[in-house]
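Scroll down for the structure; my scribbles are underneath it.
Quick note: the coordinates plus some simple rules give every number you see, no bench work behind them. Not measured: the values here are computed from a predicted model. Here the Cβ positions follow ideal geometry from the backbone for every residue, glycine too, while neighbour counts run over all protein chains shown.
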Amino acid sequence: MFTVNLKKILPWLSIRSKLIIAFTGLSIIPVALLGLYAIFSNIRMMKEIAYENLTHDVRTIRENTANFLANVESDLRLLKNSPSLRQYVQGLNNSIVRNVDRAPKRLDDEFLAWMKTRRVYHQLRIVHETGDELIRVERTDHSDSNGGYRCVPRDELRSGRSSYYFLLADNLKSDEITFSTAELVGQTNERIPIISFVTPLVMMASRSDALGQRAGLLIANVFAKDLFLVMETPRHFSAKGKTVLVSGDGHYLYHSEKKKEWNKLLASRENESLQHDYPQAVADSILSGKSGIVSEGIDEIIAYAPLFGGAPVSSTHPVHAFTVPFYVFESVPQHIVLGPASSFGWTFAAFLATFLGLAIALGLLATRQFTQPIAALQQGAETIARGNYHHRLTVETHDEIEKLAEQFNLMAAALEAHEREIQQHRTKLEELVQMRTRELTDEKTKLQAILDNVPSAFILLDKGYRIQMASATFGLVTGLHLDDVRGMDCASVFCKNGFCQQCISRKAASSGRMESHIDHMRGQSGNDRYLEHVAIPLREEGHVHAILEIITDITERKRLEQHLLRTERLMATGEMSALIAHEFRNSLTSTKMILQLQSESKRLTRAQQKSMRVALTSIDHMENVVAELLSFARPSPLQFQTDNLNTVIN
């Protein structure tokens, strides 16, 4: 479901503005939609009426113009088929044109009477195939269609000056008629706009010869003004619209707004063409040979139709013999057609603006009942937020907002009570914190005293192996100051000077258990020095977050261990010496007894006896050495006794 969230679209709007927008929208939108629908419906209806009226006008103008031309066609056919003219045409001979007498008087009288009954003609001419005039009946006053007529005498007839008409009649059949606009120059050099109708005159050899030889041309010059008067039929938009007759190449033959002088054809003026006044697409539509309406891309509505072509424009006078294309159209400015709709639109806009102002004013008045209590609630909330829980609201709207204000006051009272309780708890908590702080300070002092008096150096490393803190023994063991190395990597401090051959802390962090290692190094005085490194990983939530490294100088302990080791070795040597001496003395005793027995023999020579005595003396000496060795290895308990000191000294 689609919903409009004004908070996202216009986040800076107040609740009063949102309510005014909602009230105004609910009241204006239906009226605006209804008004727009009425405006567009009115515009569409007016366009349809204008289309219908313009189409009717164009049809009427087309019928009147076609009837006018059909009457001219009927006149020319009547003249061509008159017995006098047919007899005269049959008597023409190309080889003796100069000797041909002028037309019989009855033919002149017939032409003269015919022109007097039809006041739209300016001239009626018969031109021989050679271009010479044979008959010319014309109006005596060229500027007045009500003037008299005369038959031009033979000596005033033109010779060889009608090639223009022969070009128009070229390729015409005997029953076809063509016409074109032209301008004649009168006797006083004034221009006379005319429409020249031309049809061929044919000599037939026999009654059965339908395609005879062309003997000349029948030319009828009609006042263009009379055709234009026919086109000025009363129309629906006669006052503000325009009617135009245009040729096949786009030049105006008649324009109801531009006809300033009857004695000058529009077709002869510069820039008086359809292509000059309208876009090419509009001009192409009008000259397409079809009927229709065009209003796109221009500020006019144009209804157009071809003057000939398609179905007959009149059932009584069908036009079918003319070969010249002409088109008629009527146009009216769109603002004329849509003027009432525009006036209605402006009236509706003024009404809508007035209605909008009233809606906003009523919205401001109505929303004031909401916004003032809400503003009081907002101000009260800000006061409570600043800590003034004694503030209370006084709202008398007798609706839900008043109940909300009462609940706000209850909330403020509850907050005030809770604030008192919190203050009491805060006082107790501060006392408890002070007591615990003193206890922690005492414990820290004791722990620090213990650590500072322990001969080992305690170093705390973070998980990046950087030195954070150390005990007082740190400087005695390492020879460094804590302030100089705090925050530095332990490897860069200890390993570079041979103080630590391997980083036991990294090993403990990777293994997750305590690791130890003893380093042997030379002191500054050249003596051997032994340091024991112990790394203990400290865990928090299963992860190693710090490492406690303990460094102990065990040089003295190493010396005691070496001394004890030597003592033990001496004791082992003494026991081994006693065992060897005991076994050796047993062997000496046996050897001595044998030698003593041998020395008592009577068979020994003097030299042998002497050797025996030497051997026994050596054995005695060896027994004394063994006795001393046993006395050293197994010293006998001291026996204290009194004796004469002089004797001892002596």
Legend entry - Mean separation of Cα contacts under 8 Å, 6 or more apart, over the residue count of the stretch 566-633: relative contact order %: 57 percent
Legend entry - 3J(HN,Hα) from dihedral phi, the stretch 601-618, Karplus parametrisation 6.51/-1.76/1.60, rounded to Hz, x for glycine, proline: 6, 8, 8, 7, 7, 5, 5, 5, 4, 5, 5, 4, 4, 4, 5, 5, 4, 5
Legend entry - Karplus-derived HN-Hα couplings along the stretch 414-430 (A = 6.51, B = -1.76, C = 1.60, θ = phi - 60°), whole Hz, x at Gly and Pro: 5, 5, 5, 5, 5, 5, 5, 4, 5, 5, 5, 4, 5, 4, 4, 5, 5
Inset, instruction - Please list, in chain and number order, the residues 5+ apart from Leu201 or on another chain whose amide H is under 5 Å from its amide H, with Hs placed from the backbone. - result: Ala215, Gly216, Leu217, Leu218
Inset, instruction - Mind listing the long-range amide H neighbours of Tyr149? Cut-off is under 5 Å, sequence gap 5 or more, other chains count too, H placed in the peptide plane at 1.01 Å from N. - result: Thr140
Inset, instruction - Can you tell me how much longer the chain between Glu439 and Lys602 gets when fully stretched, taken as 0.36 nm per residue apart minus their C-alpha distance, in nm with one decimal? - result: 48.4 nm
Inset, instruction - Normalising by the residue count of the stretch 366-453, find the relative contact order in percent from Cα pairs under 8 Å and 6+ residues apart. - result: 21 percent
Inset, instruction - Compute the relative contact order of the stretch 455-553 as a whole-number percentage, counting only Cα pairs closer than 8 Å that sit 6 or more residues apart in sequence. - result: 30 percent
Inset, instruction - Taking the Cβ of Ser587 as the centre, find all other residues whose Cβ is under 15 Å away and add up their charges (Lys, Arg: +1; Asp, Glu: -1). - result: -1
Inset, instruction - Convert each backbone phi in the stretch 582-596 into a coupling constant with the Karplus relation 6.51 cos²θ - 1.76 cosθ + 1.60 (shift: θ = phi - 60°), then list the ³J(HN,Hα) values in order as whole Hz, x for Gly and Pro. - result: 4, 5, 5, 5, 4, 5, 5, 4, 5, 5, 5, 5, 5, 5, 5
Legend entry - Listed peptides 244-251, 284-291, 193-200, 24-31 by packing density, highest first (mean Cβ within 10 Å): 193-200, 244-251, 284-291, 24-31
